[in-house]
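Please read the structure below before turning to the comments.
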């Protein structure tokens with residue numbers, strides 16, 4: 001099988017239909033080269049019912065809510081070894097029928113690439129700046145709390161952190177690609193493992209990208225685009241903000257706070 005897909009969901013009834021419909025219409029799915037698993041993290045809405053009733057070809061895994069990474073790990077363990085590539089995808093994503101095939105073709109032609117992400121747009125076609133350097137504590141935590149009137153002082157730094165100074169119309173190697181849509185060569189999991197389940201939500205994609213980047217190229221590929229109904233959860237409630245801060249602390253405890261020579265080397269390399 002060419003491709004497997006996992007979607008982890010919690011109370012995403014309003015958007016998951018569009019996500020699953022995109023996959024069902026894709027050329028790889030139509031030819032039988034794509035298997036889809038949805039991990040429902042104990043939703044209290046009708047998400048699970050929508051999946052089982054409207055998408056009978058999709059495998060539903062009911063789970064306790066142990067977090068984003070743990071949910072995807074559950075799916076990956078179920079289908080590991082079945083495909084050449086695995087797509088980690090959010091439930092608020094949609095795209096046209098050729099996207100999955102084109103991304104898989106890109107990976108076929110570039111065996112040194114372990115992870116790729118396409119251009120990601122808002123529904124109104126604006127670019128989402130989801131390519132990032134490996135974060136410092138200031139990038140991850142500090143910029144969340146900088147007062148608006150001070151942010152212009154750090155514009156150059158933040159633009160570089162999000163690769164805005166490069167433009168999003170050319171292919172580039174990026175050490176941190178967003179967990180909302182990660183196409184991963186499945187051989188990677190055998191080498192570096194799965195998501196680190198210590199991260200309940202947030203920072204797990206930084207950690208996984210970083211570990212893949214140590215062995216393979218991690219590439220932003222704008223040859224295709226998808227749409228993401230993106231909502232910054234950590235900006236919308238104290239609970240999610242707490243998750244973000246706790247995960248950031250765990251990440252920097254793991255990789256280093258202010259002394260992280262590997263981070264410095266990687267960031268300098270991709271800037272160059």
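Just so it is clear, none of the values below were taken in a lab; they were calculated from the coordinates. This is a predicted model, so every value here is computed, not measured. Here the Cβ is made from the backbone with ideal geometry for all residues, glycine too, and neighbour counts use every protein chain on show.
Structure values in brief
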read-out: The chain - percent relative contact order, Cα under 8 Å, separation 6 or more; value: 23
read-out: Residues 27, 47, sorted so that the one with the fewest Cβ neighbours within 10 Å comes first; value: 27, 47
read-out: Order of 226, 259 under a 10 Å beta carbon neighbour criterion, fewest first; value: 259, 226
read-out: Residue order, fewest to most surrounding Cβ atoms within 10 angstrom, among 40, 205, 124, 45; value: 124, 45, 205, 40
read-out: In degrees, nearest ten, helix 13-25 long axis to first principal axis of the chain (Cα); value: 70
read-out: Angle in degrees between helix 68-79 and the longest Cα principal axis of the chain, rounded to the nearest 10; value: 40
read-out: 0 to 90° range, to nearest 10: angle between helix 204-213 axis and the chain longest Cα axis; value: 80
read-out: Estimated FRET transfer efficiency when R0 is 22 angstrom, pair residue 78-residue 49 (beta carbons, to 0.05); value: 0.55
read-out: Options (1) 75, 36, 33; (2) 51, 45, 39; (3) 51, 42, 37 - which one matches Cα extents along the principal axes in Å as calculated here; value: (3)
read-out: Expected 222 nm ellipticity per residue - DSSP helices of 4 or more, -39500 (n - 2.57), all of the chain, to 500; value: -11000 deg cm²/dmol
read-out: Length released on extending from residue 254 to residue 62, taking residue separation times 0.36 nm less the Cα-Cα span; value: 66.1 nm
read-out: Label-to-label distance, nm, for residues given as residue 215 and residue 149 (7 Å Cα→Cβ offset); value: 5.1
read-out: Modelled FRET efficiency - R0 22 Å, residue 129 with residue 171, Cβ distances, 0.05 increments; value: 0.85
read-out: Fraction of antiparallel bridges per DSSP, the range 3-271 only, in percent to nearest 5; value: 35
